[in-house]
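Visitor: First the structure, which I've put down as structure tokens, then a few questions once you've had a look.
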Amino acid sequence: MTDKQSLFVQEYLIDLNATKAAIRAGYSKRTANEQGARLLAKVSIRKSIQEAMKEREQRTEITQDRVLQELAIIAFADMKDYIEIDDYGGVKIIPFDDARMPEGASRAVSGVKEVRRIMGSGEGAGKDMVMEIRQEYKHHDKVKALELIGNHLSMWKDKSEIIFPDVETFELPKLKIPKKIAEERQHRDEGQSG
């Protein structure tokens, strides 16, 4: 593998975008899309990418399973796990350290806010003090978490992705080329064979 191809492998690991990786590795912007696809078709490059992904997974201890578990906590968080409603309809927030709180539930929360407002001094006749305490949980984006899980599970078929489940069975998507170019290639190929 050339130095440029090795650089492509490292750049590909950043965002798994072959076109952008080819550009960052020094290939022409004009032909980066084709170069990226051509590079991914090479067995040696696919193997290098897979090995680098496995090394990164071991080094960071960030596995697909761990990421999916975190996304599932966000995606399937249920507000009734965070609140308690009394007989009068009052809402009380359950503390994170409460035994009733599901394991990992706090990881679905992106922020907690408490607002305290006091009206009136409480001094003198007719000047009752009214105190309002409001607590809020802000959750991570549930729809985004569901979308990411769905993408991982290939539930949506709206765009082409290249995935490497097995190097031996890897196939590239067929590229559509304009009819004029296809005709020119066919004419050229017929001229060479004759």
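All of the numbers you see were taken from the coordinates with simple rules; none came from a lab. On a predicted model such as this, the values are computed, not experimentally measured, just so you know. Cβ atoms come from the backbone with ideal geometry, glycine included; neighbour counts cover every protein chain shown.
Visitor: What residues qualify as long-range amide H neighbours of residue 139, i.e. H under 5 Å apart, gap of 5 or more or another chain, H built at 1.01 Å from N?
Guide: The list, which skips near neighbours in sequence, is 110.
Visitor: Let me ask something additional. Contact order normalised by length for the stretch 72-144, with contacts defined as Cα pairs under 8 Å and 6 or more residues apart; what percent is it?
Guide: 32 percent
Visitor: Taking the Cα centre of the stretch 9-134 as the origin and placing charges on Cβ (Lys, Arg +1; Asp, Glu -1), which of 99, 45, 63 is farthest toward the positive end of the dipole?
Guide: Comparing the listed Cα positions along the dipole, 45 ranks first.
Visitor: Any idea what diffusion coefficient the stretch 72-144 gets from Stokes-Einstein, in µm²/s, Kirkwood Rh on alpha carbon pairs, 4 °C, 1.567 mPa s? Write out the running numbers ahead of the final one.
Guide: Working: Rh = 14.5 Å.
Answer from the Stokes-Einstein relation: 89 µm²/s.
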